[in-house]
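Below: one structure, written as structure tokens.
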Amino acid sequence: MKTDQLQLIDEPLLEFRYAQRSSSPALGLSLFGPFDADSSARPGVVTHGAIGTAEGLSRLRSFLDRIHGPVFGNYDDPDLIDRGHFLWPAFPGLEAAFACDWPPESGWSSQIDVASLGEALLQMDPHRRSFDVCNLYLDAIRLAAQRDDRLSVLICVVPDDVWTACRPKSRVTGGTGRRPSSSDVQNRREQRDLFGLYESEQYDFSVDFRRQLKARAMEHGIPLQIVRESTLRASDKSRLGERILTPLSDRAWNLSVALYYKAQGKPWRLTTAREGVCYIGLAFRRDERSKDPRSACCAAQMFLDTGDGVVFRGEFGPWYSPERKQFELGRIAAMQLLRGVLETYAEQGGVALREVFVHSHSRISKEEYAGYVDACPSGVSVVGVRVRRDFGSRLFRQGNYPVLRGTVWNVSNNTAFLFASGFKPQLLTYDGSEVPVPLRIDVQHGKSSIEQVCRDIHGLTKLNYNASRMADGRPVTVKFSDAVGEILIGNPTIKVRRPNFRFYI
């Protein structure tokens, strides 16, 4: 490798209140307040509802009471005494950080019956198990949506048993009923049960509790924040056998930023984003309901220079190649998908665009790219970029720490490796647990310099409003594509699909 193939991109800055800038979300919010603090559209009061068991609601009350005031870090690890406050900065309190009224008490709450929850969790059928547990929360969500006083966000506190038992690979032993085979599931989707042994509807939804609940709750129009009971430990101390957590100040930052964003607030704005430029992430997923191995669907996420996100689901079709193990849209399908995104964007009051960057895990074919170009108005530049983690390429440097975040290894005019994770000088440490894995970036179609594309993607690693980290290892267009795809594509029968990104994270 030649040294002139390497370059270092500066850490992107975020904009906060009073047009002040910082690379750290926590530092910017602590010193200046959120970007939209003086906007008439921002939430002046954040009111939340709460759903959970008696234990979960009690934990949430204690947690919010604790973080209503300042929370300072507790750095028992000798290695973190000098730099722990950089990695896990102090939390100034809910109202101090977000410059708004934020009552710690729930504006409304509903208690989940523990016996009913326990009965649902014992179902051997994973579809019925997740469906029944979701129904308990949906009954409460339905009541919350009927209130005259609208809540900003609903916090669903979930026992750790739900997190363990209601995921795609979860197994229950010694439970009720039996686990159906794949053919049983397919048959139950296609025919109604005349004897009341099962509900065919439950086989139309994802077996992942979080994804199913997010999808089914959209019709009620209140964003959800799902949090495990164990996360709400209101101290840094843990007892033997308890789940290992980050310091309380870190958890306070992560939860509060997510809640503020879902309450229609804008914590920060990316300064490196360019006006009139949007970034679209594609999410593909195979159709498990179809007997055709090629059947798949694609969803698209659109992110603007303001950080706002729009989500749109395309149609099912033969988009997967079992031979090449690749997803690929045809020209018409690609045109319809992007046109749907742009129309949704226009309905949300979007301004005219001049550049569209399409990010995909999979290769973008010439035919697919032509469809994206067809969907855009004349004069709009379309660039197709493949973005994926490359585990076969690594860089090492001398010393105790890995390569710096922002390092770019230029391979050609259209290909580069971007280390979006790595040593962060602002934190005085590396906050990962493995040797940094780079993003391989290939500009496959359209005209844009590889340097500009890398800078854009580097900036998009700072748009995760579901936490308050310095940055993620992947851009938001790629990081959340699988989760958004699971919600939209894994639950294909839902009738109401919200276009706003805050309903998906």
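Kindly evaluate Gln186 against the criterion of being surrounded by fewer than 18 Cβ atoms within 10 Å (Cβ to Cβ) and polar (S, T, N, Q). The answer is yes for Gln186. Only a single criterion out of (1) under 23 Å from the mean Cα position of the chain (by Cα); (2) part of a loop (DSSP other than H, G, I, E, B); (3) under 28 Å from Arg66 (Cα atoms) is not satisfied by Pro104, namely (1).
One residue stands out in segment 425-445 among those that are out of contact with any strand residue (DSSP E or B) (no Cβ under 8 Å at 6 or more places or on another chain) and without any contact (Cβ under 8 Å) to a residue 60 or more places away in the chain: the one that is nearest to Leu395 (Cα to Cα), namely Val435. Taken over segment 356-395, the criterion of being of a type in the set (D, E, K, R) and buried (at least 18 other Cβ atoms within 10 Å of the Cβ) is satisfied by Glu368, Arg386. Among the residues of segment 427-449, not a single one is modelled with pLDDT of 90 or more and either within 27 Å of Leu259 (Cα to Cα) or in contact with a His (Cβ under 6 Å, 6 or more places away or on another chain) (or both). Beta carbons closer than 9 Å, at least 6 apart along the sequence or on distinct chains, pair a first residue in segment 207-236 that is within 16 Å of Arg497 (Cα to Cα) and polar (S, T, N, Q) with a second that is open to solvent by less than 30 Å² (accessible area, probe 1.4 Å) and assigned to a loop (DSSP other than H, G, I, E, B) for Gln212/Cys166; Gln212/Phe205; Gln212/Ser206; Gln212/Gly490; Gln212/Asn491. Close contacts from segment 32-55, counting a first residue that is closer than 20 Å to Arg147 by Cα and a second that is part of a strand (DSSP E or B) and of a type in the set (Phe, Trp, Tyr), with Cβ to Cβ under 7 Å and a gap of 6+ residues or different chains, come to Gly49/Trp108. Being under 26 Å from the mean Cα position of the chain (by Cα), within 24 Å of Glu55 (Cβ to Cβ) and not charged (D, E, K, R) is a description that does not apply to Ala120.
Tyr279 passes every criterion in (1) over 16 Å from the mean Cα position of the chain (by Cα); (2) open to solvent by less than 30 Å² (accessible area, probe 1.4 Å) apart from (1). Scan segment 446-462 and report the pairs whose first residue is over 13 Å from Ser23 (Cα atoms) and whose second residue is of a type outside the set (Ser, Thr, Tyr) and open to solvent by 60 Å² or more (accessible area, probe 1.4 Å), with Cβ atoms within less than 7 Å and a gap of 6+ or a chain change. Taking only residues 6 or more apart or on different chains, the pairs are Ile450/Asn413; Ile450/Asn414.
Scanning segment 316-351 for residues that are open to solvent by less than 30 Å² (accessible area, probe 1.4 Å), part of a helix (DSSP H, G or I) and among the polar types (S, T, N, Q) yields a single hit, Thr344.
Table: residues versus (1) in contact with a Ser or Thr (Cβ under 9 Å, 6 or more places away or on another chain); (2) over 30 Å from Tyr430 (Cα atoms).
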position	(1), (2)
Gln326	yes, yes
Val341	no, yes
His359	yes, no
Ser365	no, yes
Gly371	no, yes
Ser393	no, no
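Residue selection: Tyr345 fails the criterion of being modelled with pLDDT of 90 or more, within 24 Å of the chain's Cα centre (by Cα) and of a type outside the set (S, T, N, Q). Out of all the residues in segment 65-78, is one or more at pLDDT 95 or above and under 25 Å from Cys134 (Cα atoms)? There is no residue in segment 65-78 that is at pLDDT 95 or above and under 25 Å from Cys134 (Cα atoms). Within segment 133-183, if we keep just the residues that are open to solvent by 80 Å² or more (accessible area, probe 1.4 Å) and of a type in the set (Ser, Thr, Tyr), the residue that is nearest to Tyr203 (Cα to Cα) turns out to be Ser182. Among the residues of segment 140-149, those that are among the charged types (D, E, K, R) and in contact (Cβ under 8 Å) with a residue 24 or more places away in the chain comprise Arg142, Arg147, Asp149. Of the residues making up segment 490-505, those that are closer than 20 Å to Arg189 by Cα, open to solvent by less than 40 Å² (accessible area, probe 1.4 Å) and either at pLDDT below 85 or not hydrophobic (A, V, I, L, M, F, W, C) (or both) are Gly490, Asn491, Pro492.
This table checks each residue for (1) surrounded by fewer than 19 Cβ atoms within 10 Å (Cβ to Cβ); (2) acidic (Asp, Glu); (3) within 30 Å of Gln264 (Cα to Cα).
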{"position": "Leu418", "(1), (2), (3)": "no, no, no"}
{"position": "Asp431", "(1), (2), (3)": "yes, yes, yes"}
{"position": "Pro438", "(1), (2), (3)": "no, no, no"}
{"position": "Lys447", "(1), (2), (3)": "yes, no, no"}
{"position": "Gly459", "(1), (2), (3)": "no, no, yes"}
{"position": "Leu463", "(1), (2), (3)": "no, no, yes"}
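The values are calculated or read from the model by the stated rules, or taken from the named source; none is laboratory data. Everything numeric here is computed off the predicted structure, so don't read it as measured data. Positions of Cβ are backbone-derived with ideal geometry, glycine not excepted, and every protein chain shown enters the neighbour counts. For accessibility, only protein heavy atoms count, side chains too; no ligands or nucleic acids. Shrake-Rupley method; radii C 1.70, N 1.55, O 1.52, S 1.80 Å.
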